[in-house]
Structures are given as C-alpha cells and as structure tokens.
Amino acid sequence: MKTIALAEIKDNFSRYLHAAGKEQIVITKHGKPAGVLIGFETEDDWFDYRLENDPRFLKKIESARADIRSGRGISWEDVKAEDSRRTNALTRT
C-alpha cells in the first residue's frame with residue numbers, strides 16, 4: 001500500500017488512479033491519513049468491491065452462514081442432485 005500526499009494526487013490523479021488498480025493508495029493531508037484511493041482494473045473488480053461493501057449482501061451471507069451452522073443448510077451433493085434431476089427433466093421434454 002502506497003502513501004501519497006493529497007497535493008501530489010491532485011497534480012497526477014490519472015496516474016495514481018491507474019496505479020490504484022494494482023494496490024490501494026493512502027492519501028495524506030498534512031502528513032496524516034485522510035482517505036484511500038481504490039482503483040479497479042476490470043468491471044469484475046468493481047462488481048466484487050460493491051458486493052464486499054454492501055451491508056445488505058453481507059447480512060444475507062451472515063444469515064446463510066448461521067443457517068448452515070444450525071444445520072438448516074443444503075449440502076452441495078443435494079444441490080448437484082437437484083440440478084441433475086432438473087436437467088434430465090428438461091431434456092426429456
């Protein structure tokens with residue numbers, strides 16, 4: 001993670017935005033951390049970032065994990081079996 005002064009960022013924003021696609025850049029103001037510049041190399045990176053920081057999505061993930069811990073989850077084997085059953089039913093019609 002790089003640390004760059006705000007004045008330097010302002011003078012070379014495009015360059016640092018491109019660099020931020022590879023690693024986050026801490027922006028300092030008067031020598032103290034003031035923000036973080038996060039870039040995205042691909043649209044998938046942007047999509048991942050949005051999911052990782054969406055409170056609604058994180059709440060659903062935690063709820064699903066709690067279900068699994070309490071035994072209310074569905075095994076991967078059951079999911080695959082159901083998928084096979086549905087695929088076979090579609091190919092017969």
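Laboratory data are not the source of any read-out in this text; all were calculated from the coordinates shown. Values in this document were obtained by computation on a predicted structure and should not be read as measured data. Heads up, the Cβs are rebuilt from the backbone with ideal geometry, glycines too, and the neighbour counts pull from every protein chain shown.
What FRET efficiency comes out for the pair ASP44/ARG15, r = Cβ-Cβ distance, R0 = 30 Å, nearest 0.05? Write out the running numbers ahead of the final one.
Values: r = 23 Å, r/R0 = 0.77.
Once the sixth-power term is evaluated, E becomes 0.85.
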Neighbours of THR42 by Cβ distance under 14 Å: Lys/Arg at +1, Asp/Glu at -1, summed charge -3
Long-range amide H partners of ALA5, meaning residues 5 or more apart or on another chain whose placed amide H is closer than 5 Å, are THR28
Ordered by fewest other Cβ atoms within 10 Å, a rough proxy for footprinting exposure, ILE4, ILE27 read ILE4, ILE27
Which of [x] 148; [y] 171; [z] 107 gives volume of the Cα convex hull per residue in Å³ as computed here? It is [y]
In deg cm²/dmol, rounded to the nearest 500, the helical mean residue ellipticity at 222 nm of the chain, built from -39500 (n - 2.57) for every DSSP H run of length 4 or more, is -18500 deg cm²/dmol
Of the listed pairs LYS60/LYS80; LYS32/LYS60; LYS10/LYS60, those with alpha carbons more than 30 Å apart are LYS32/LYS60; LYS10/LYS60
